[in-house]
1. Would you point out which residue out of P280, P302 is assigned by TED's automatic domain parsing to the domain that holds Y132, more than 7 Å from ligand 1 (Cβ to nearest atom) and either more than 30 Å from P155 (Cα to Cα) or in contact with an Asp or Glu (Cβ under 9 Å, 6 or more places away or on another chain) (or both)?
2. Tell me, which helices (runs of 4 or more DSSP H) wholly within segment 250-367 include 3 or more residues that are under 24 Å from T108 (Cα atoms) and in contact (Cβ under 8 Å) with a residue 24 or more places away in the chain?
3. Specify the residue that is nearest to the chain's Cα centre (by Cα); the eligible residues are those in segment 119-172 that are among the polar types (S, T, N, Q) and farther than 20 Å from I263 by Cα.
4. Run A176 past the list (1) over 21 Å from E253 (Cα atoms); (2) more than 27 Å from the chain's Cα centre (by Cα) and report the number of the one that doesn't hold.
5. Can you tell which of R225, R170 is assigned to a loop (DSSP other than H, G, I, E, B) and of a type in the set (K, R)?
6. If W238 satisfies all but one of (1) more than 17 Å from E149 (Cα to Cα); (2) in contact with a Lys or Arg (Cβ under 8 Å, 6 or more places away or on another chain); (3) in a helix (DSSP H, G or I), what's the number of the condition it fails?
7. Can you name the residue in segment 257-277 that is out of contact with any Ser or Thr (no Cβ under 7 Å at 6 or more places or on another chain) and of a type in the set (S, T, N, Q) and, of all such residues, is nearest to ligand 1 (Cβ to nearest atom)?
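The values are calculated or read from the model by the stated rules, or taken from the named source; none is laboratory data. None of these values were measured; they are calculated from a predicted model. Neighbour counts run over all protein chains shown; Cβ positions are idealised from the backbone, glycine included.
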Amino acid sequence: RVVQTRRCYSTPATVSLLGQQYPKDKVSNVTSAIADKVGRNLYMNPSHPLGILQTLISSHYHDFNSMTGLSPIVTPAKNFDDLGFPADHPGRAATDSYYINRDLMLRTHTSAHEVEVFARRERQWLLSADVYRRDEIDASHYPVFHQMEGARVFPMDASGRAELEADNARLSHHLARANIVIEDVPHITPANPAQAAHDPVLAELVARNLKLSLNSLMLTLFAGRAGADAAEPLRVRWIEAYFPFTTPSYEVEVFFRGKWLEILGCGVVQQLTLDRAQVPNSISWAFGLGLERIAMILFSIPDIRLFWSQDPRFLSQFTAGQISTFKPYSKYPACYKDVSFWLPDTGLHDNDFCDLVRDLAGDLVQDVVLIDSFTHPKTNRSSKCYRVNYCSMDRSLSNEEANTIHEQVISTLKDKFGVEIR
Ligand code: FA5
Ligand code: MG
């Protein structure tokens, strides 16, 4: 049978990103579907939902400097080592991150730029950027999404303490008058400790400033929005968390339209980060929030693929500076196709299957579900069955077209991973 694939898997020696060629090697796993997304900069369009949200957050933090011009192509050292990720952290695995080659990768979070921005001696800054993670495929997961990092640095002395006390008083006063209920956790606990390098009183003041600052942001973003009951207070929940590059660390959830929604991670920056940036006698907090998660809620956008749509029926619904409710313009029928196969001896990661489908189907894939996985008791061979849901966001997809793509998926699966179709 003649194998025809739309994208070429007899891998070219280089990958082209932002107009530059990078040599590939054994660890390269950036697919052309991903490479095509690098440099799109959706969040820079002021009338795109991500741009509108980005602008809203930047104007809330109007006295913070916005960092620009930071390349998504980073070294693993910058993305992980500089932030104290242990050598065996799962995020480093090629199944979870996109590697260009052994020396370069696509950043997995905006925290990758903390050291260089602190090194510029920025005292309060914001950074919005595209980030890349290998993941499952469904309505809320996309391998490219956008984060916004924010940080504020204080002097580690009496002047810093005075600055914190004044700012904390200002923010508490503002929040005390707002219709907001905050489920808090203690700032510092044995499980979520302050750093040895920090005066515990100062660390407590910084953690409190971080929380007050973000509670105030939540108020700006969610209070009074469509779907928020005016009589009901806004509910924000703080949870103890862990990140290698902050302690104490927290996550924030917001109760909106009947659900708790994880919005961001944050904490008091590890002194190691400021030391690496050669910022002396300082203490800082930082947060990293997900723009899509928040935008899907605020604009009622049901599918994360829509952010990438160039359909005027999507784009024309949004206006710079305004949060509006998205009106779905069509629901095209889904077309399910299954594929069952015996795994090769080397196994096959779910994310490898998802990237293969994404590369051949592009945004015609709505979701991929593992519907069966089984190991034969006698032969010990394992098999998997995935259900791929093909569905276009802006037109009717014919069964023939879905079949053609699915056949390419099957033949590529055989050629590239050596699986045996059942
Ligand atoms: C981080 O990425 C940390 N860098 C955040 C941080 C910054 C902590 C500074 C401390 C100091 P996490 O992986 O939890 O953490 O992602 C942060 C946010 O990004 C999440 O809360 C969520 O809103 C968003 N996010 C994460 N994964 C996805 C995804 N697959 N799709 C959409 N949004 C996501
Ligand atoms: Mg998280």
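1. On the way: P280 fails: either more than 30 Å from P155 (Cα to Cα) or in contact with an Asp or Glu (Cβ under 9 Å, 6 or more places away or on another chain) (or both).
Only one candidate passes the filter, namely P302.
2. Values: elements: 271-276, 291-298, 312-315, 350-361.
Correct list: 271-276, 291-298, 350-361.
3. Q124
4. Unmet for A176, out of (1) over 21 Å from E253 (Cα atoms); (2) more than 27 Å from the chain's Cα centre (by Cα): (1).
5. R225
6. For W238, the exception is condition (3).
7. T273
Every residue, every condition in (1) within 18 Å of L274 (Cα to Cα); (2) small (G, A, S), yes or no:
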site: M148; (1), (2): no, no
site: F154; (1), (2): yes, no
site: D167; (1), (2): no, no
site: A176; (1), (2): no, yes
site: I182; (1), (2): no, no
site: H187; (1), (2): no, no
site: Q195; (1), (2): yes, no
site: A203; (1), (2): yes, yes
site: N215; (1), (2): no, no
